[in-house]
1. Given a Förster radius of 45 Å and the C-beta distance between THR13 and ARG224 as r, what FRET efficiency does 1/(1 + (r/R0)^6) yield to the nearest 0.05?
2. Rolling a 1.4 Å sphere over the protein heavy atoms, what is the accessible area per residue of the chain, to the nearest Å²?
3. Run the accessible area of the chain with a 1.4 Å probe and give the carbon-and-sulfur part as a rounded percent.
4. Where in region 224-267 does the label zone of ALA214 land, with the point 7 angstrom along Cα→C-beta and an amide N cut-off under 12 Å?
5. Over the Cα atoms of region 211-275, each weighted equally, I'd like the Debye log10 I(q)/I(0) at q = 0.28 Å⁻¹, rounded to two decimals.
6. Which of the lysines could a cross-linker bridge to LYS247, judged by Cα under 29 Å and excluding same-chain residues fewer than eight apart?
7. Which residues' amide hydrogens lie under 5 Å from the amide hydrogen of THR203, considering only partners 5 or more residues apart or on another chain, with H built in the peptide plane?
8. Is it possible to state the helix-based mean residue ellipticity at 222 nm for the chain, with each DSSP H run of 4+ residues giving -39500 (n - 2.57), the sum divided by total residues, to the nearest 500 deg cm²/dmol? What is it?
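The values are calculated or read from the model by the stated rules, or taken from the named source; none is laboratory data. On a predicted model such as this, the values are computed, not experimentally measured, just so you know. Note that each Cβ is placed from the backbone with ideal geometry, even for glycine, and that neighbours are counted across all protein chains shown. Just so you know, the surface numbers come from the protein's heavy atoms only, side chains and all, with ligands and any DNA or RNA stripped out. Shrake-Rupley method; radii C 1.70, N 1.55, O 1.52, S 1.80 Å.
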Amino acid sequence: MSAAMQRSVRRVTLTQFLIQRQHAGKINADLRLLIETVARACKAISTRVNKGALADGLGSAGSENVQGEVQKKLDVLSNEILLEANEWGGNLAALASEEMELPRPIPTQFPKGEYLLLFDPLDGSSNIDVNISVGTIFSALRCPKAASGELCEANEAAFMQPGRRQVAAGFAVYGPTTVFVLTVGDGAHGFTLDRESFTFVLTHPDIRIPEDTAEFAINMSNQRRWEPAVRRYIDECLAGKDGPRGKDFNMRWVASMVADVFRVLSRGGIFMYPRDARYKEGRLRLMYEANPMSFIVEQAGGAATDGQTPILDLQPKSLHQRVAVILGSKNEVERVTGYHR
């Protein structure tokens, strides 16, 4: 058998991977179907992102989201794709999106399930017009139950669960290839979209982030606003071999969280979007960005904090809460956290 045929035989699709997890008791059928539905929606979004100006997908939609940010056309389209794909399958009680002020309950004509889905439909969308990688981030929770055993009302309060209660999280990167990264609590795994068969194939099994790194990602234009702990850490990195760390560091910054975090997963590093004088609580959203990414990073052997507390231990206060994010190689994250203390 040729090497090419051997590789073909060994290919594991996302569906096969999820069925294996179901047989092992890691997930149930409803959660498997939910993840598959999100993955199909990501394929549709990938196709539209790939067409760009050919499908009139660039530029502003002429509206603002609940965050007060100008929406891109693809922000709105991606949000609709995820809503339409997920609201009728019978495995969700409600959905929440970074682009919507309130949770979207499942329409009454469709069956309801036990899960809650949160998503950032198009992370990094400010980069669309300049052809830089963007992506989709999602998180799944169980809907709380009342003492009677019935599901509670799927309102905003139902979503207020610490990140440790996530049952699945993932993200897609729409770059030179489309990659879908997933965790269901037993490690982090990456799947690449095969454009010929239009299936996600396991290409990055059991991702592990090196504990040490010589690479950091941060927006240096905010340096004048940083807290002393962050300034100290970056100053030490910039001092290189001549400084207290005794080694040179490289800086990377894509301004697209999905791309920056995938790089950390691929080769190590530390990603930082800390609180500062302008964003006193932080810039990124706890529920749609920080929690799912922190779950994935921890499952890959990394760490994630807000500078003081592990992100997954934070008790959410609101659906669109912002938070500081420091995640990646474990030893570097612990160093920055120590400086904050």
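1. Given R0 = 45 Å and the Cβ-Cβ separation, E is 0.40.
2. 43 Å²
3. Here carbon and sulfur together make up 49 percent of the probe-accessible area.
4. Only 240-242, 246-251 fall inside the zone, counting backbone N under 12 Å.
5. For region 211-275, the Cα-only Debye profile gives -1.29.
6. LYS330
7. Amide H to amide H, under 5 Å and 5 or more residues apart or across chains, THR203 pairs with GLY190, PHE191, THR192.
8. On the way: 9 runs with 102 residues, N = 341.
Roughly -9000 deg cm²/dmol at 222 nm, from the helical runs in the chain.
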